[in-house]
Amino acid sequence: MKWYRILGAIAEGEATKFAAFIESLAAGEDYGVEINSPGGSVSEGMYIHRKMLTRPPITALIHEANSMASLIAQAAKTRVMAEGGHMALHNPHVTVNASAKELAEIGEYVGALEQEMKAIYAGRSKNTQKNIGELMANQKNLSAVEAKEHGLIDEIRQPEKMAAMISSPATATKQESAMGFKQMLAKLLGLPEASLAVNDKGEATAETQALLDAKAALLNQREQELNAAASVQAKSSLIAQALQAGRLTEAQSKLEAIQKLDVAALKTLIESMPVVVPLKPVDLTGLSVPSLNSVASSPEAGKILKALRVDPAIAAKITIPADGVLRHVVTSN
């Protein structure tokens, strides 16, 4: 039996790696998963869990399984934890730069994700979703004994015996029934058990797989929409700050080329641009050479004219621009 190992943080690329592993398996070939992870990316972890539901691992051998790693472990038919191992559950977290409206939408998405996670844990444990919610909110670090009491694992074994399971070619015993897997799918999809079907190995049938794929597609689409909204908000914030600092003009900020840049490229471009320094509006009508030379009589006018390199001889012809602000350009260095 082949083994897939998650022996570190669940970072970007782990989902792609797992998908390739699944595709490498022969038809009907069993596999197990070994977990020793502090958790990590919610999107990567959710993809792996959903992918596992279509072809569940026979066994999950758990050393440490925190955050998303503990959720992935629940997809296995038999969950075995090492003596001295630990498991921790907590609510999903996201970091965004968003408006009040976008924050409300993101809050709804995170809330739905939290409910989905509660359903997954409750579907494989002896807990209600309410009790699972309390464990997640408290971020309690469960020992192997506590994890078994809560129904989040099936067995506790000595580490050396777990190592023997991985090295042995024999297939691990199948303790999780197809009915139990069916119940988990029903809770995950929010559908009656009668509408779902699994085969005698506990794998989703084509019809059930179609439902899982549809749900995953909807969640992935929603995640992409939120990521796009967060990107737009981040760019708007960068442009607003650049306008305030004088690095961009209103006309520049509306250029199509500027709008098409991603956040990182826009930030780099703005930081490389010269600063446009706003000067205090001053009525220069009738300003004469003597008054210009007499800084005491009109200090602000003198500073502005010198900064603009205006010939005092034509100072009287200067008018205030339509926006009421005189500007000059200086380089950032």
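So how many residues does segment 184-216 have that are part of a helix (DSSP H, G or I), out of contact with any strand residue (DSSP E or B) (no Cβ under 8 Å at 6 or more places or on another chain) and at pLDDT 70 or above?
Qualifying residue count for the region: 13.
Counting only residues that are of a type in the set (Lys, Arg) and assigned to a helix (DSSP H, G or I), which one in segment 217-248 is farthest from Thr54 (Cα to Cα)?
Here the answer is Lys235.
Run down Val276, Val295, Val289 and say which single residue is at negative phi, surrounded by 14 or more Cβ atoms within 10 Å (Cβ to Cβ) and modelled with pLDDT under 65.
The match here is Val276.
So which residues in segment 237-264 are under 20 Å from the mean Cα position of the chain (by Cα) and either small (Gly, Ala, Ser) or modelled with pLDDT under 80 (or both)?
First, the residues of segment 237-264 that are under 20 Å from the mean Cα position of the chain (by Cα): 237, 262-264.
Selection gives Ser237, Ala264.
Considering segment 1-54 alone, what residues qualify as being loosely packed, with under 15 Cβ neighbours inside 10 Å, part of a loop (DSSP other than H, G, I, E, B) and acidic (Asp, Glu)?
Within segment 1-54, Glu12, Glu29 qualify.
Given the criteria in contact (Cβ under 8 Å) with a residue 60 or more places away in the chain and either closer than 17 Å to Ala204 by Cα or under 17 Å from the mean Cα position of the chain (by Cα) (or both), does Val42 qualify?
Details: in contact (Cβ under 8 Å) with a residue 60 or more places away in the chain: yes; either closer than 17 Å to Ala204 by Cα or under 17 Å from the mean Cα position of the chain (by Cα) (or both): yes.
Considered against the rule, which asks whether it is in contact (Cβ under 8 Å) with a residue 60 or more places away in the chain and either closer than 17 Å to Ala204 by Cα or under 17 Å from the mean Cα position of the chain (by Cα) (or both), Val42 comes out as yes.
Return the residue satisfying two criteria in turn: it lies in segment 146-159 and is in contact with a strand residue (DSSP E or B) (Cβ under 7 Å, 6 or more places away or on another chain) and not in a loop (DSSP other than H, G, I, E, B), and of such residues it is surrounded by the most Cβ atoms within 10 Å (Cβ to Cβ).
Among those that are in contact with a strand residue (DSSP E or B) (Cβ under 7 Å, 6 or more places away or on another chain) and not in a loop (DSSP other than H, G, I, E, B), it is Ala147.
The values are calculated or read from the model by the stated rules, or taken from the named source; none is laboratory data. Predicted, not measured: the structure shown is a model, and the values here were computed from it. Neighbour counts run over all protein chains shown; Cβ positions are idealised from the backbone, glycine included.
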